[in-house]
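Before any comments, here is the structure.
What follows is calculated from the coordinates using simple rules that are stated; it is not laboratory data. Model, not experiment: these values are computed from the prediction. Glycine gets a Cβ as well: all are built from the backbone with ideal geometry, and neighbour counts include every protein chain shown.
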Amino acid sequence: MAVVATGFFDGVHLGHRLVVDALVQAALERGEASTVLTFWPHPRMVLQKDARSLRLLSTLDEKRSILHSMGVDRVEVIRFTKAFSTLSAEEYLREVVIGDFRASAVVIGYDNRMGHDGKTPSDMVRIANGLGLDVIRPESLSMDGIVVSSTKIREALSAGDVRGAASMMGRRYTLHGVVVAGNRMGRTIGFPTANMKLYEPLKMVPGVGVYLVDVETLGKHFHGMCNIGYRPTVSSEGAMTIETNIFDFDEDIYGLDLTLSFVERIRPERKFSSLSALGEQLSRDRDACLGILSSAQVAKEKENS
């Protein structure tokens with residue numbers, strides 16, 4: 001038997017964590033398996049509801065990894081199809097949650113909806129109870145009066161507020177990709193960059209600007225500054241790039257994995273009158289990043305003393 005929570009869980013943010021913590025705790029108390037049922041691809045892609053604007057906070061692999069790290073026993077991915085989308089809430093609970101995954105209890109979050117008939121969480125409690133399921137209802141999570149949600153996190157990231165996004169996610173926002181060849185323009189002004197191509201094209205990219213980032217590559221961790229934007233000083237192509245200058249680093253990593261964790265936005269992107277002016281600004285950006293890192297280290301040392 002199993003205790004089940006079901007949903008897309010995009011980003012596995014702090015609101016989701018209340019659901020997952022309740023799931024894991026209930027499963028331990030009942031001596032049953034904690035099971036998350038999630039979906040792929042995103043329902044909006046299949047149902048073509050604003051699919052072009054859809055951007056994800058977590059890839060499927062990231063979602064699995066985070067959920068398992070929280071103590072979930074099983075993460076089951078249900079392929080979301082148009083046929084699957086026609087199930088009513090009651091059919092989904094009876095045929096899938098109970099029938100396929102032997103649930104004895106279900107965790108229903110404050111905004112958890114199931115089935116094509118758009119039943120509210122209160123409806124879901126009534127239906128689940130009618131099918132013999134025990135129901136666990138964790139509270140919603142608010143920060144400064146705002147209920148934490150994937151939508152709010154996307155809004156923060158779009159505005160470049162990576163600190164705000166991190167506070168709602170419970171961890172820094174990350175991008176994963178492969179290093180691809182660029183035009184090497186940064187190298188000519190003393191700031192070589194690693195150009196990233198995302199592994200998941202639908203992954204949300206923070207708003208245009210310069211950011212302090214933690215960098216992982218070659219199995220090691222570094223600091224750096226990342227420019228997300230259109231490189232208006234050196235290009236008129238209009239293609240967005242993700243370029244990172246890794247501090248104190250001079251290795252050839254073309255074709256290798258790169259992970260960026262966003263710490264803080266330094267400034268918006270802007271066009272400069274010349275490459276030398278751009279280089280001078282990049283020096284100031286680097287100093288700003290190093291200042292933030294130094295302050296963080298001092299604060300950490302005080303906290304540990």
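Using the Cβ-Cβ distance between ILE78 and MET240 with R0 set to 35 Å, the FRET efficiency from 1/(1 + (r/R0)^6) comes to roughly 0.60. Axis of helix 60-69 versus longest Cα principal axis of the chain: the two differ by about 70°, to the nearest ten degrees.
Looking at the chain, the DSSP beta bridges with both ends there are about 65 percent antiparallel.
Put a plus charge on the Cβ of each Lys and Arg, a minus charge on the Cβ of each Asp and Glu, and nothing anywhere else: the dipole of the range 64-119 about its Cα centre is then about 160 debye. In sequence order, the range 271-285 has phi-based couplings of 8, 10, 6, 7, 5, 5, 5, 4, x, 5, 5, 4, 5, 5, 4 Hz under the Karplus curve 6.51 cos²θ - 1.76 cosθ + 1.60, θ = phi - 60°, and Gly or Pro positions carry x.
With contacts taken as Cα pairs under 8 Å and at least 6 residues apart, the chain reaches a relative contact order of 15 percent.
Derived scalar couplings between HN and Hα for the range 211-217 equal 10, 7, 9, 8, 10, 10, 7 Hz in order, rounded to whole Hz, by the Karplus curve 6.51 cos²θ - 1.76 cosθ + 1.60 (θ = phi - 60°), x for Gly and Pro.
Using the Karplus relation 6.51 cos²θ - 1.76 cosθ + 1.60 with θ = phi - 60°, the per-residue 3J(HN,Hα) values for the range 133-147 come to 8, 6, 10, 10, 10, x, 6, 7, 10, 10, 10, 6, x, 10, 5 Hz, with x marking Gly and Pro.
Given +1 at the Cβ of Lys and Arg, -1 at the Cβ of Asp and Glu and no other charges, the dipole of the chain around its Cα centre is 620 debye to the nearest 20.
Taking a ≥ b ≥ c as the square roots of the eigenvalues of the Cα gyration tensor of the range 172-304, is the shape rounded (a/c under 1.5), prolate (a/b larger than b/c) or oblate? The shape class here is oblate.
Computed over the range 51-120, relative contact order equals 30 percent, with contacts defined as Cα pairs under 8 Å that lie 6+ residues apart. For the chain, the longest principal axis of the C-alpha atoms and the axis of helix 14-30 are separated by about 40°. Of the residues TYR173, MET196, ALA239, the one whose Cα sits farthest toward the positive end of the charge dipole of the range 172-304, with +1 on the Cβ of Lys and Arg and -1 on the Cβ of Asp and Glu, is ALA239. For the range 6-80, applying the loop criterion from DSSP together with a ceiling of 13 other beta carbons within 10 Å to the trypsin sites (Lys or Arg not before Pro) yields LYS49.
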